[in-house]
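The values are calculated or read from the model by the stated rules, or taken from the named source; none is laboratory data. Everything numeric here is computed off the predicted structure, so don't read it as measured data. All Cβ positions, even for glycine, are placed from backbone atoms using ideal geometry, and neighbour counts span all protein chains on display. Remember, those area values only see protein heavy atoms, side chains included, never the ligands or the DNA or RNA. Shrake-Rupley method; radii C 1.70, N 1.55, O 1.52, S 1.80 Å.
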Amino acid sequence: MRLPLAMRARALVEQKGARAVLDSPRLRARFARKRSLPVDGQRLDPQLAALLGIDDLLGVSDLSRLVPSKARARMMGQVLACEAAPPGGVDTRALSIPCPAGDRPARLYVPRALTAPSPAILYLHGGGFVTCDLDTHDVLCRRLALGARARVVSLDYRLAPEHPYPAPVEDAVAAFRWLATKAASFGIDAARLAVAGDSAGGNLSANVARHTRDDARRPALQVLIYPAVDARRLQRSHALFGEGYFLTKTMLDWYYDHYGLVSRRLEPDFSPLLAEDVSRVAPALVYTAGFDPLRDEGAEYHERLVSSGVSSRLVCFDSLLHGFACITGVSKACLEATERMAHETGLALREGVRDSRIVEVGQGR
């Protein structure tokens with residue numbers, strides 16, 4: 001007896017693997033069909049549409065029924081399945097950075113033949129403050145180091161629920177201040193030290209920029225990649241993309257419930273968009289994705305910065321979705337966007353953020 005279409009499709013993915021399906025134009029089109037219609041005037045990248053079609057069958061992106069330890073293991077598996085192979089030409093070294101509750105592991109990335117002192121980036125990984133670590137973001141940090149021609153220090157900050165809010169914020173701020181004072185010993189030009197992060201790491205980066213704005217050694221740049229900056233989640237993009245695009249409303253609830261008490265979510269360290277004053281912070285590059293529930297809060301934060309006199313540039317990759325910087329192995333558009341962000345970060349560290357009112361929508365090709 002012939003199996004139903006959904007069961008045959010599931011068997012095909014399980015037999016061949018997601019990448020093999022995505023590499024086949026015929027199979028990719030089959031899985032992308034239901035996800036190819038335009039939403040909010042945007043059309044999803046075909047490879048990502050197929051990836052969503054596969055997830056519609058398998059449901060592996062939903063971590064909400066898992067305890068944090070199992071969620072972290074599954075997230076690592078998803079990154080391994082979707083991320084590109086690590087690029088060569090980068091040397092790494094383990095570090096230990098003093099933070100409020102003790103030393104935290106970190107990893108230094110140095111592109112080969114990069115002279116010292118060089119620009120540098122403190123990188124704060126995403127993962128909803130609950131998942132991800134140095135290894136899930138290893139390829140991204142290598143790509144960032146190469147594209148920016150900069151040293152990168154990736155911090156393994158404390159995670160919730162074992163260490164809830166504000167522990168990750170405290171670690172991020174302490175790590176930046178320590179790195180700024182020790183810059184010369186790592187071949188870093190302290191005057192060209194940036195802070196960057198994706199999703200939850202974008203939240204932490206915005207907090208670092210605000211907490212250190214009056215320091216003698218403040219960030220030269222903040223790079224916010226699809227940042228989570230408003231725990232209220234009232235923006236239109238949350239209604240548009242809160243279901244079916246990996247980072248669902250249910251998953252956001254799960255992350256925030258593990259991260260901190262509802263009674264503290266309007267505090268500026270929890271929701272940087274709600275900070276009373278964001279003036280005098282470092283110039284910013286803000287990157288968002290068109291099919292991301294966090295899209296509009298990232299854009300609003302950019303507008304807050306501009307209205308406060310801060311140089312900020314917003315780029316929305318309108319055919320991509322949340323997490324695109326760690327799924328470069330299954331989508332050419334994700335790889336191109338990530339390489340562009342790395343290049344522009346290096347350019348901004350060398351030449352500054354040139355125009356505070358540029359808003360670009362598109363793939364940047």
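In this simple spin-label approximation, Ala116 and Leu261 carry label points 7 Å from Cα along the Cα→Cβ vector, and these lie 4.5 nm apart. Once both axes come from the Cα atoms, what is the angle between helix 249-259 and the longest principal axis of the chain, in degrees from 0 to 90, rounded to 10? Once rounded, one gets 40 degrees. Counting each DSSP H run of 4 or more residues in the chain as -39500 (n - 2.57), what helix-only mean residue ellipticity at 222 nm follows after dividing by all residues, to the nearest 500 deg cm²/dmol? So the helix-based figure for the chain works out to -12000 deg cm²/dmol.
Ligands, DNA and RNA left out, the accessible area of the stretch 234-365 computed with a 1.4 Å probe is 52% carbon and sulfur. For the stretch 197-216, backbone nitrogen atoms closer than 14 Å to the point 7 Å from Glu276 Cα along Cα-to-C-beta are found at no residue. DSSP beta bridges fully contained in the chain are about 35 percent antiparallel. Under the combined filter of DSSP loop state and at most 12 neighbouring Cβ atoms within 10 Å, the stretch 62-142 retains these trypsin sites (Lys or Arg not before Pro): Arg65, Arg112. The relative contact order of the stretch 52-137, computed from alpha carbon pairs under 8 Å that lie at least 6 residues apart in sequence, is 28 percent. Residue order by solvent-accessible surface for Asp230, Asp257 is Asp257, Asp230, largest first, with ligands and nucleic acids left out and a 1.4 Å probe.
Here the relative contact order of the chain, from alpha carbon pairs under 8 Å that lie six or more residues apart, stands at 17 percent.
I'd like the distance between the alpha-carbon centres of the stretch 201-224 and the stretch 333-349, rounded to an integer number of Å. Measuring centre to centre over Cα atoms gives 19 Å.
Once the Cα atoms of helix 46-58 and of the chain are each reduced to a long axis, what angle between those two axes, in degrees from 0 to 90 to the nearest 10, is obtained? For helix 46-58, the angle is close to 70 degrees. When the solvent-accessible area of the stretch 102-207 is split by element, carbon and sulfur atoms take up 53 percent of it, the probe being 1.4 Å. Were the residues from Ala29 through Glu300 laid out at 0.36 nm apart, the gain over their Cα-Cα distance would be 94.1 nm.
Per residue, the solvent-accessible area of the chain (1.4 Å probe, heavy atoms of protein chains only, all protein chains present) comes to 41 Å². So what is the relative contact order of the stretch 231-365, in percent, for Cα pairs below 8 Å that sit 6 or more residues apart? Relative contact order of the stretch 231-365: 24 percent. The share of Cα pairs per 10 Å bin across the chain, counted from zero up to the longest distance, runs 5, 26, 35, 24, 8, 2, 0, 0 percent. If one takes the longest principal axis of the Cα atoms in the chain, at what angle in degrees, from 0 to 90 and to the nearest 10, does the Cα axis of helix 200-211 lie? That works out to roughly 20 degrees. The slack in the chain from Asp253 to Lys332, taken as 0.36 nm per residue of separation less the alpha-carbon distance, amounts to 25.4 nm. The stretch 91-140 and the stretch 247-295 have Cα centres separated by 22 Å.
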